[in-house]
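Working notes, beginning with the structure itself.
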Amino acid sequence: MKKVFMITAAVLLLLALIAVGAVCYTVFFPNTKNKTEVTIHIPFGTDYLQLLDSLDKHDILFNEGTFDIVTHYMKYKKVKVGDYTIQPKMSNYQLVRMLRAGQHYPVKFSFNNIRTLNQFVKRASEVMFFNEKELAAVIYDTRFWKQYDLNIFTCPQIFIPDSYEFYYDITPEEFVRKFYNIHQNFWNENRLKLAEEIGLTPLEVSTLASIVEEENHRPEEKAIIAGLYINRLRKNMLLQSDPTVKFALRDFTRQRILNSDLKVDSPYNTYMYKGLPPGPIRFPEGSTIDSVLHYTHHNYLYMCAKEDFSGYHNFTSSAAVHQQNANRYRSALNKRNIKK
């Protein structure tokens, strides 16, 4: 009897050791057969079966069955987006732990000097996980903007240049919504009151700020330029801003606006249409928006770039003096053989 008990115990122990060994093999022994690093891309919307297809496509696993067992017991259910680098000889445990952790870490996203939505989409996709196509699908979706009472012409106002921190795996929709919330917080009670006192909406302030910033980014002149355009708006004059014509032409390299350029039929052409354009002609910085809200009070109606090409302007309230300033600037352009 004792002998039978000992044999039974030995058999049970052996079975237990075999079971433990099988578990250790399944969980901890290498199950990736790639001989060099392999990076797999898991896009938004990927499910578990698609993940397995991707692993199979890259010929990663020795044994898909053991991987499936480990994912079950490690409760790996939600596939997280990211670009994952799979090392040679990774165990199922290491692989599942990496995939389960995801790539939910903060990254800094900074931008400035952005004129168009296309430029913004490209810049964001260089930093975040989503690609240009995925973000563009949101940015250019008119239905998406309707919930915020915006469209593709007015939406640039919400993207205020600065340095921000986002999680790397944020979706394009969440990314844009966060900017909308940032914009709402920027337009606090004080700024809304200042805009109302000027007689402009936040969109109009941002649009005017974008023109001001295109005219001169230097802080010394921004509030002066803002005051000049506000004077013209109040007198129902055409703004006649060269940067709006550049935007209408989609040619930002021009140093000289020709008479033929002024004939471009676009709502952004402020030589042709009164008032402000339908939206910003660049993504204005918060400091420029504040320059508009705290514009300089004066009687200037005209401005012209100085003929010394310093980037500064001659301001005047006289059309005759402005014509003299413009003639000097055109003469300077001609001397430098700048034709456009």
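I need a count of the residues in region 292-309 that are open to solvent by 40 Å² or more (accessible area, probe 1.4 Å) and assigned to a loop (DSSP other than H, G, I, E, B).
10
Okay, residues lined up against (1) of a type in the set (A, V, I, L, M); (2) farther than 30 Å from Gly286 by Cα; (3) within 32 Å of the chain's Cα centre (by Cα):
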{"residue": "Ser54", "(1), (2), (3)": "no, yes, yes"}
{"residue": "Leu61", "(1), (2), (3)": "yes, yes, no"}
{"residue": "Gly65", "(1), (2), (3)": "no, yes, no"}
{"residue": "Met98", "(1), (2), (3)": "yes, yes, yes"}
{"residue": "Phe111", "(1), (2), (3)": "no, no, yes"}
{"residue": "Arg115", "(1), (2), (3)": "no, no, yes"}
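If you go through region 241-256, how many residues are free of Cβ contacts under 8 Å to residues at least 24 places away in the same chain, hydrophobic (A, V, I, L, M, F, W, C) and open to solvent by 40 Å² or more (accessible area, probe 1.4 Å)?
The qualifying residues number 1.
Show me the helices (runs of 4 or more DSSP H) found entirely inside region 126-232 where at least 1 residues are at pLDDT 95 or above and over 21 Å from Phe109 (Cα atoms).
142-146, 189-198, 202-215
Restricted to region 257-284, and to residues that are open to solvent by 40 Å² or more (accessible area, probe 1.4 Å) and among the charged types (D, E, K, R), which residue is nearest to Glu215 (Cα to Cα)?
Only one residue tops the list, namely Lys274.
Please go through (1) of a type outside the set (Gly, Ala, Ser); (2) at pLDDT 95 or above; (3) assigned to a helix (DSSP H, G or I) for Leu262 and return the number of the only condition it doesn't satisfy.
(2)
What residue, among those in region 159-210 that are among the small types (Gly, Ala, Ser) and open to solvent by less than 30 Å² (accessible area, probe 1.4 Å), is farthest from Thr244 (Cα to Cα)?
It comes out as Ala195.
Residue check: is His322 open to solvent by less than 70 Å² (accessible area, probe 1.4 Å), modelled with pLDDT under 95 and within 18 Å of Glu213 (Cα to Cα)?
No.
Output the number of the condition that Glu285 fails; it satisfies all remaining conditions of (1) touching a residue at least 40 places away in the same chain (Cβ under 8 Å); (2) more than 28 Å from Asp149 (Cα to Cα); (3) of a type in the set (Asp, Glu).
(2)
Look at region 70-88 and say how many of its residues are more than 30 Å from the chain's Cα centre (by Cα), crowded, with 16+ Cβ neighbours inside 10 Å and in contact (Cβ under 8 Å) with a residue 40 or more places away in the chain.
Total meeting the criteria: 1.
For the condition touching a helix residue (DSSP H, G or I) at 6+ places or on another chain (Cβ under 6 Å) and part of a helix (DSSP H, G or I), what is the one hit in Pro243, Pro280?
Pro243
Among the residues of region 57-67, write down those that are at pLDDT below 90, open to solvent by 70 Å² or more (accessible area, probe 1.4 Å) and either among the acidic types (Asp, Glu) or farther than 13 Å from Thr32 by Cβ (or both).
Within region 57-67, just Glu64 meets the criteria.
Between Ser266, Ser310, Ser318, which is touching a helix residue (DSSP H, G or I) at 6+ places or on another chain (Cβ under 7 Å), small (Gly, Ala, Ser) and without any contact (Cβ under 8 Å) to a residue 24 or more places away in the chain? I'd like the intermediate steps shown before the answer.
Details: Ser310 fails: touching a helix residue (DSSP H, G or I) at 6+ places or on another chain (Cβ under 7 Å); Ser318 fails: touching a helix residue (DSSP H, G or I) at 6+ places or on another chain (Cβ under 7 Å).
Just one listed residue meets the conditions, Ser266.
Condition check ((1) open to solvent by 10 Å² or more (accessible area, probe 1.4 Å); (2) farther than 16 Å from Val81 by Cβ; (3) among the hydrophobic types (A, V, I, L, M, F, W, C)) across all residues:
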site	(1), (2), (3)
Gln94	yes, yes, no
His104	yes, no, no
Arg115	yes, yes, no
Val121	no, yes, yes
Glu126	yes, yes, no
Tyr140	yes, yes, no
Arg143	yes, yes, no
Gln157	yes, yes, no
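The values are calculated or read from the model by the stated rules, or taken from the named source; none is laboratory data. In this text the structure is predicted, and so the values were computed from the model without any measurement. Counting neighbours? That spans all protein chains shown, and the Cβs are built from the backbone with ideal geometry, glycine included. Each accessible area value is taken on the protein alone, full model and side chains, heavy atoms only, with ligands, DNA and RNA left out. Shrake-Rupley method; radii C 1.70, N 1.55, O 1.52, S 1.80 Å.
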